[in-house]
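Contents: one structure, followed by commentary.
The values are calculated or read from the model by the stated rules, or taken from the named source; none is laboratory data. These numbers come from a predicted model, not from an experiment. Cβ placement follows ideal geometry from the backbone for every residue including glycine, while neighbour counts extend to all protein chains displayed.
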Amino acid sequence: MEKILIQNLTFAYKEGQPILNDVNLELPLHSSILLSGSIGCGKTTLLKLIAGLLPKYGGTYSGKIKLPHDQRIGMLFQDPAMQFTMDTPQHELEFTLENLQVPHKEISNQVKAALAFVNLQTVAHQKLTTLSGGQLQRVALAVIIAMKAEIIMLDEPFTSIDEPNRQFLLQKLAQLQAKQGITIIISDHNLRDYQDFIQFIVQFHEHQAKLLSSNASHQLLMNANQHSTNLSTTFPLQGDPSIIKLHDFSITRNQLSLIETTNLKLIQNKVTLLTGSSGSGKSTLLKSIAKLTPYSGQITYAGNNIQKIFPGKYYSQVGLIFQETNQQFLNVTVGEELSLSIKNGKNTFFKGKSSRELLAMVGLPDLTERVIYSLSGGQRKLIQNLIMLMMGQKLLLMDEPFTGLDQLSLGKLLTLIKKSCQHFPQTLLIVSHQLDFLDGFVDYHLSLTNQQLTYRGGAQNESQR
């Protein structure tokens with residue numbers, strides 16, 4: 001059996017601190033493999049080493065990676081926006097195929113097939129900047145499919161994708177692998193629903209990686225399916241104090257209506273979860289409240305029209321956690337970023353703590369000197385949440401704040417948010433496709449379905465969300 005051979009592999013971003021240490025693996029070609037492990041354990045690093053992106057762009061390296069000759073590799077990054085050059089999905093796909101010297105007469109059909117694979121035919125000519133995070137992940141996957149790569153590597157490919165589309169793409173990838181015999185390697189913290197697709201799991205632990213047998217891998221995947229997601233929330237009461245109100249509110253993009261509602265209120269000092277399918281307008285709603293995108297109707301904050309509030313005053317009260325972590329950071333190192341939040345932050349829960357003590361709150365005490373862009377997606381997400389909590393705005397809009405987090409890291413973050421809000425009350429509006437372990441954390445559940453914003457109450461099983 002042909003294999004990807006990894007021999008005595010050691011890699012470090014910082015001298016003397018290896019993230020992978022003397023790793024030896026034999027990854028079977030023509031199979032589907034899942035990389036599993038805690039954040040920062042080296043999953044993304046291994047994918048980038050196989051793709052040849054490291055150590056080309058930093059780090060120290062020893063050992064060998066042996067790939068079969070003439071195998072085209074395609075990789076989807078955690079932040080798909082980093083992969084795009086052109087302005088629309090159609091142009092991005094055409095540009096990719098032209099660079100691969102695909103005959104011009106074949107390009108149109110390959111573009112159509114790739115978009116159909118990810119179920120995105122309707123947005124082929126929309127600007128990439130107008131698409132949701134989940135749609136961008138699917139466009140990036142379409143590009144890789146169009147490349148006809150023999151080795152496909154996907155780094156947290158479903159973090160911003162709703163459950164129906166996640167199920168759809170898993171099924172399509174399984175069919176592709178079975179039909180064409182390609183190699184698919186996926187890094188994912190969520191092991192659910194892979195049991196009919198994944199053949200082997202590579203487990204990462206303490207700078208090492210181990211390939212599990214087919215039977216052990218299948219058992220681990222079956223155990224992951226035992227967990228179901230349930231949410232128990234209540235409806236807001238008429239007299240509950242609000243911080244945000246929508247009046248005759250609507251959003252339209254590209255001549256399509258995203259949100260149509262009359263009146264809605266967001267309850268003060270409570271945690272509200274906002275769910276809906278990919279591309280439904282959740283992120284756009286958050287950006288509207290943050291005064292970053294146009295809308296129709298009126299939004300009031302504490303009873304005042306937000307368009308009449310001076311920007312400096314408004315942004316001292318309202319913060320936004322962006323879906324893409326790199327849009328949030330202003331400095332190069334973790335320590336520099338924390339120093340800025342220590343200087344400007346108003347949340348007294350974090351006052352008087354050193355950078356190391358602050359990082360320890362999210363389980364990352366030793367990263368002060370690291371370049372922030374060299375961290376894993378999950379590590380960057382934890383630091384992003386931390387610095388925004390420190391800022392202490394009364395209203396914090398959180399766009400997919402849990403992406404890339406394993407169960408342990410998610411637990412640490414949820415505990416930190418609870419403690420912070422008990423000491424320094426804040427109103428949180430959270431957009432998330434990741435609903436596991438949120439029961440008991442969120443107070444209200446707001447659903448965006450068929451352009452309508454409605455509160456949901458009672459016990460809800462979200463396993464089919």
Return a yes/no flag: does segment 327-336 have any residue that is on the phi < 0 side of the Ramachandran plot, part of a helix (DSSP H, G or I), over 23 Å from the mean Cα position of the chain (by Cα) and outside the structural domain of G40 (by the TED database). yes
Hey, A114 of a type outside the set (K, R), surrounded by 15 or more Cβ atoms within 10 Å (Cβ to Cβ), out of contact with any strand residue (DSSP E or B) (no Cβ under 8 Å at 6 or more places or on another chain) and under 30 Å from K287 (Cβ atoms) or not: yes
Hey, K66 hits all of (1) within 18 Å of Y373 (Cβ to Cβ); (2) surrounded by fewer than 18 Cβ atoms within 10 Å (Cβ to Cβ); (3) touching a residue at least 60 places away in the same chain (Cβ under 8 Å) but one; which does it fall short on? (1)
Give, as residue ranges, the strands (runs of 3 or more DSSP E) completely inside segment 261-320 that count at least 1 residues that are modelled with pLDDT under 95 and closer than 13 Å to D399 by Cβ. 271-276
Kindly check whether there is at least one residue in segment 207-230 that is β-branched (V, I, T), surrounded by 17 or more Cβ atoms within 10 Å (Cβ to Cβ) and either in a loop (DSSP other than H, G, I, E, B) or modelled with pLDDT under 90 (or both). yes
Subset of segment 393-448 [polar (S, T, N, Q) and part of a loop (DSSP other than H, G, I, E, B)]: Q393, T403, Q426, S432, Q434
From the list A12, A81, A51, exactly one residue is aliphatic (A, V, I, L, M) and touching a Pro at 6+ places or on another chain (Cβ under 7 Å). Which is it? A12
Considering T44, T60, T129, T85, which residue is over 21 Å from the mean Cα position of the chain (by Cα), among the hydroxyl-bearing types (S, T, Y) and either surrounded by fewer than 18 Cβ atoms within 10 Å (Cβ to Cβ) or assigned by the TED database to the domain that holds A12 (or both)? T60
One residue from S296, S232 being under 30 Å from Q195 (Cβ atoms) and either assigned by the TED database to the domain that holds L429 or over 21 Å from the mean Cα position of the chain (by Cα) (or both): S232
Give segment 344-364 a look and list any residue that's part of a loop (DSSP other than H, G, I, E, B) and either over 13 Å from M391 (Cα atoms) or under 27 Å from the mean Cα position of the chain (by Cα) (or both), or say none. G345, N347, G352, K353, S354, M361, V362, G363, L364
Please find, within segment 281-330, the residue that is nearest to T252 (Cα to Cα) out of those that are aromatic (F, W, Y) and surrounded by 12 or more Cβ atoms within 10 Å (Cβ to Cβ). Y295
Regarding L53, is this residue in contact with a strand residue (DSSP E or B) (Cβ under 9 Å, 6 or more places away or on another chain) and either buried (at least 17 other Cβ atoms within 10 Å of the Cβ) or assigned to a strand (DSSP E or B) (or both)? no
Find all pairs meeting these conditions: Cβ atoms under 6 angstrom apart; at least six residues apart or on different chains; first residue within segment 425-448 and in contact (Cβ under 8 Å) with a residue 24 or more places away in the chain and closer than 27 Å to D188 by Cα; second residue among the basic types (K, R) and part of a strand (DSSP E or B). H445/R456; S447/R456
Is it fair to say Q379 is touching a residue at least 60 places away in the same chain (Cβ under 8 Å), more than 26 Å from L446 (Cα to Cα) and of a type in the set (S, T, N, Q)? yes
Considering residues of segment 388-421 that are small (G, A, S) and either in contact (Cβ under 8 Å) with a residue 40 or more places away in the chain or farther than 21 Å from S160 by Cα (or both) only, the residue surrounded by the most Cβ atoms within 10 Å (Cβ to Cβ): G404
